[in-house]
Structures are given as C-alpha cells and as structure tokens.
Amino acid sequence: MTNKSLFSSHHLSSLHRRLLAAVTPFAAVTLLVLLSPAVAAAGDLEARIVVPQGEAGPAVIWLEGLEGPVPSRDAILTHRPGGRFDPPVSVAFVGGEFVLRNEDDTLHNIHLYLELAYQKAASRRPLSHGATLYNIALPLEGMEVRRPIKPYHRYRQDTGFISVVCNPHPEEKAFVLAFDHPYAAVTGDDGMAAIPDVPAGRHAVRIWHAGKVSDGGMLEFQDGTATKTTIELERGS
Ligand SMILES: [Cu+2]
C-alpha cells in the first residue's frame, strides 16, 4: 500500500489526516493500524449452564462458524485406579495429541469412536458407537500412548462427538469434543465456563450435555466487554 492510498482512505477523519500529516510515513502506518476498526479487541464469554434437575456432569459450550488460532494443547485421558476415566468430558484441539494413560494396575483399553451421527440416522444397521478412531490397549500401570488429533476428528453436526469406552469394562465411558478453533470450553463443578477473546459480532452458541447437543441461540459480542449468559437446558433437549 502506498502512502497516497493510505491518506486517501475514506475511513480517516480529518483529525486522523492531520495526525498522519504530522508524522513520518513509517509512523503513519503504525498509527493507521492502531486506529483501524478492522483491528478489533475481543470480548470474553462467561457462561453458566444449568442442567435439568436430576442430571449431572459437565457440559461443553462452543461457538459455531468462527475461525481462530487453535490452541496447541494435548488432550489427556487417564484411566484412574478403579477404571474411572479422567476427565469424563473434555475438549480437544486439532493439531495436538491424545495422551492416553493407564494409572490402574490392571489391563484397560481406551477406544475412541467418532459417533457418525449421519450413519446412525441413515442406516438400518447403525453402528452402536460409530467408527473407531483409535483402539489402544494399556495393559500396564504407568503406560502412556500418544496419537494425533486429526482435522476430521473435530465436532460437526453430521459426524458428531467422540465417545470413549473401555472394551473390557463397558461401564467406563468418557466423551471428547474436538475443535479446530479456540472457542470451546468445559463447565466446572459450578456450571461455569469461560471462553476468552471472542471476536466481536453475533455468534451461534451450542451446548453438549450428557450425549446431546442443544442450540444455545445467538449471542452478541462487543470489543473489550465480557458477555455473560445463563443457559438452562431442558430435559431431553
Ligand atoms: Cu477399563
């Protein structure tokens, strides 16, 4: 971009033109960036998710249709003593790794399935769990195996989320939702979830809880302002 095109921009107020005229060309570019409405600050989402009475467990909240820098973070899934999966519900980010661990002194395995919601809807012989992503045997305490989180693992309405089961112990279950953007979080024990730095605009909210995805409506985000919302999930939604 030449200086001429910078100065002729219709976005510039007369004050900005005078400021630009008073500084060197290099500084003018810097100043333009600071004043440009395209360089938006972002706002945080603070959500409280109320699950139906009698139901429990974490929920996952995310924003649809946004792109952003994917966190470089691994998704750790551990078999605790007794065979409990920890955490029972988590988010994973494409490009990281699943870290699959056994901290129990007996054989467990970690079997990740992609739900394949479209296959369940379309087939007369639906797969009970979906398609296998990874099926890892962890016969010894202290074992750890890593596997990549791939782009096709990400949550989409037609492919669904990831169910985790232990084949020898069918009661041991966990759930993972993988994303290729940073705008997703799991609720804590208090039902709160925070998603930082959401770009300004109106975005669609989705919530996963107990194996079901709910539409959380549209939320408006403004630069530098926290958006707070409480979402009450209905039974069977
Ligand atoms: Cu097990």
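The values are calculated or read from the model by the stated rules, or taken from the named source; none is laboratory data. Keep in mind it's a predicted model, so treat the numbers as computed, not measured. Cβ sites come from the backbone with ideal geometry, for glycine too, and all protein chains shown count toward neighbours.
Restricting attention to segment 54-78 and to residues that are part of a loop (DSSP other than H, G, I, E, B) and of a type in the set (A, V, I, L, M, F, W, C), the residue that is modelled with the lowest pLDDT turns out to be Ala56. Remark: pairs (first residue in segment 203-230, on the phi > 0 side of the Ramachandran plot; second residue modelled with pLDDT of 95 or more; Cβ separation under 7 Å; 6+ apart in sequence or on different chains) = Gly217/Val205.
Of the set (1) within 16 Å of the ligand (Cβ to nearest atom); (2) in contact (Cβ under 8 Å) with a residue 12 or more places away in the chain, all apply to Ala200 but (1). Screening His169 on (1) within 16 Å of the ligand (Cβ to nearest atom); (2) under 18 Å from Val91 (Cα atoms) shows it passes everything except condition (2). Counting residues in segment 115-132 that are within 16 Å of the ligand (Cβ to nearest atom) and at pLDDT 95 or above gives zero.
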